[in-house]
Amino acid sequence: MDSVDRSILACLSENARQSATEISHKVHLSIAAVIERIRKLERQGVIRQYTIVTDQHKMGNDVSALMEVTLEHPKYYEEFAKAMENTPSVAACYYLTGDFDFLIQIYTRSSETLEQLHRVIKSVPGVSSTKTYFVLKEMKHGSCTDMCPENGASA
């Protein structure tokens, strides 16, 4: 993967619906070359999916929180991970090194529904402790491949 591929990824991260024509102008390649590079990135699994970013407040989720979770023993990893995959309010779940085992990103309607979710998570077998942080304001969300030429980076 070279800097042109990274520029294409940055453009798609910014707006996955933009056309190959628009991207070709930004990265200074032909439309055919851009399409071929995108297909190659898809085949290689670099591009795993195309998705949307929703405004959680407009979706009715007024509470955003991060929760640290510690397990009693690593043998509970699979069961906990599966439980988080099946929990709609959990937007992301990260398995980490350090003082706790997981960091969970949560979007929910209210502090009451967060409390209910907290009880559910605490009842998952193997969970020994949690620590929850309310997010006051999201400062940045998205990809770290911000190399699209129109944003000041070169291809």
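Numbers at a glance
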quantity: Enumeration of residues in region 78-125 that are more than 22 Å from Asp62 (Cβ to Cβ), surrounded by 15 or more Cβ atoms within 10 Å (Cβ to Cβ) and small (Gly, Ala, Ser); calculated: Ala83
quantity: Qualifying position, being closer than 27 Å to His141 by Cβ, surrounded by 13 or more Cβ atoms within 10 Å (Cβ to Cβ) and not aromatic (Phe, Trp, Tyr), among Ala10, Ala33; calculated: Ala10
quantity: Every pair of residues 6+ apart whose Cβ atoms lie under 6 Å, when the first sits in region 101-126 and is among the small types (Gly, Ala, Ser) while the second is surrounded by fewer than 16 Cβ atoms within 10 Å (Cβ to Cβ) and part of a loop (DSSP other than H, G, I, E, B); calculated: Gly126/Glu72
quantity: Thr70 vs. criteria of a type outside the set (Lys, Arg), open to solvent by less than 50 Å² (accessible area, probe 1.4 Å) and at pLDDT 95 or above; calculated: yes
quantity: Test: Arg6 is closer than 30 Å to Ile106 by Cα, in a loop (DSSP other than H, G, I, E, B) and out of contact with any strand residue (DSSP E or B) (no Cβ under 9 Å at 6 or more places or on another chain); calculated: no
quantity: Residue, nearest to the chain's Cα centre (by Cα), within region 16-30, restricted to residues that are open to solvent by 70 Å² or more (accessible area, probe 1.4 Å) and within 25 Å of His141 (Cβ to Cβ); calculated: Arg17
quantity: Which listed residue is among the basic types (Lys, Arg), modelled with pLDDT of 95 or more and in contact with a strand residue (DSSP E or B) (Cβ under 8 Å, 6 or more places away or on another chain), from Lys82, Lys131, Lys40, Lys75; calculated: Lys131
quantity: Pairs where the first residue, in region 14-34, is farther than 29 Å from Thr54 by Cα and the second is small (Gly, Ala, Ser), C-beta under 7 Å, 6+ apart; calculated: His28/Ala155; Ser30/Ser24; Ile31/Ala20; Ile31/Ser24
quantity: Residue satisfying condition, being surrounded by fewer than 11 Cβ atoms within 10 Å (Cβ to Cβ) and not small (Gly, Ala, Ser), within set Ile38, Ile52, Ile47; calculated: Ile52
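The values are calculated or read from the model by the stated rules, or taken from the named source; none is laboratory data. Values in this document were obtained by computation on a predicted structure and should not be read as measured data. Using ideal geometry, Cβ is built from the backbone for each residue, glycine included, and neighbour counts are taken over all protein chains shown. For accessibility, only protein heavy atoms count, side chains too; no ligands or nucleic acids. Shrake-Rupley method; radii C 1.70, N 1.55, O 1.52, S 1.80 Å.
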